[in-house]
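Written below as structure tokens is the structure these notes are about.
Rule-based calculations on the coordinates, nothing more; no lab input. None of these values were measured; they are calculated from a predicted model. Please note: Cβ atoms are built from the backbone with ideal geometry, for glycine as well, and neighbour counts cover all protein chains shown.
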Amino acid sequence: MVFAMQGLIDILTLLFFICGGALLAKFRLAPKNSIVDGIVRYVLWALLFSMGFRIGNNPELFANLGTMGIMALATAVLAVTGSCLAVYGASFVVPGLRRLEARGSGPRPSDTISSSAPRWSLRKRFLAFIAQLKAPLKLLAFVVAGLLTGMFLPPAAFDMGRVTGWTLDALLFFIGMQFVQSGTSLKKAFASPAALVVPLATMVGTLASSLVLVPLFSLTAGKAMALAGGFGWYSLSGVLISNLGDPVLGSVSFLANMFRESLALLLIPFLGRSKVPVMAVSVGGATSMDVTLPLIEQSAGPWIVPISFMSGALLSLVVPFLVPLCFKLG
């Protein structure tokens with residue numbers, strides 16, 4: 001009962017910061033969009049640095065980094081595989097998910113280019129793909145910088161968990177502002193059944209596939225699902241689990257969700273051109289509303305943008321509730 005109450009308090013605290021930022025933006029009391037975007041970027045960098053520092057500055061965590069990496073990679077591969085299988089299965093019963101229906105919903109990438117426009121050369125495609133990797137590599141650099149800093153400094157005299165918790169609260173506060181300021185029409189996104197089916201299938205496929213981790217790494221079912229339940233939102237899921245009392249598992253979750261985003265960037269160009277292009281949205285998880293959205297649009301076409309954004313938004317809203325809930329199940 002005590003643990004359930006604490007989990008509820010943690011969830012309500014996160015929701016308080018998200019709604020607080022959203023209300024300020026709603027009543028036009030928030031800074032300009034460009035300022036909020038800049039603040040979110042810098043706060044995210046600070047959070048990633050502190051997560052890396054927390055690993056490097058803890059001898060026990062750093063000693064287990066190799067084992068954590070294997071578990072994290074397995075979690076990411078299973079999550080991506082489960083998501084794709086679930087969405088592929090749903091495509092047989094839900095209209096609008098397969099390529100034939102997608103053509104009726106809007107133009108494909110090739111349809112948006114006039115016949116007189118030159119096709120991209122293989123070199124240009126490769127350079128465009130490399131450009132898509134710049135953002136995640138830059139974020140990874142902050143983690144590595146924090147890791148190296150923590151390794152060479154003596155153990156911190158303060159609680160790093162509180163530092164990452166405060167940083168996360170600040171990030172959620174400004175993300176609430178950012179969401180309202182985007183002005184995206186939720187009504188239009190909900191018009192397609194895929195807008196709800198894709199995130200639901202992604203959630204079911206991710207959580208179901210994570211149960212394979214139970215026999216592989218001697219985890220409980222709840223902790224296995226908590227590991228994968230970040231859906232690629234590494235800056236949140238790792239902090240949540242760490243602050244719930246398991247910094248080792250929190251670090252694994254952090255790495256697993258980073259690996260998921262990296263795998264998504266590799267797979268989206270292929271999945272977006274498959275018979276079930278919404279699988280490109282599924283592998284992106286929570287990142288399909290921001291980081292991976294441009295690549296998804298380029299690979300599948302403009303018609304997929306509302307579906308991608310809504311899927312990422314819904315999964316992002318679920319993470320603060322789902323991860324603590326799964327973790328508490330034990």
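Roughly what % of Cα-Cα distances in region 176-330 sit above 29 Å, to the whole percent?
Values: 1985 of 11935 pairs.
Of all Cα-Cα pairs in region 176-330, 17 percent lie more than 29 Å apart.
Over region 169-242, the ratio between the Cα radius of gyration and 2.2 N^0.38 Å evaluates to 1.41.
Among THR13, THR75, rank each residue by its count of other Cβ atoms within 10 Å, from fewest to most, as a rough exposure measure.
Working: THR13 14, THR75 29.
Going from sparsest to densest Cβ surroundings: THR13, THR75.
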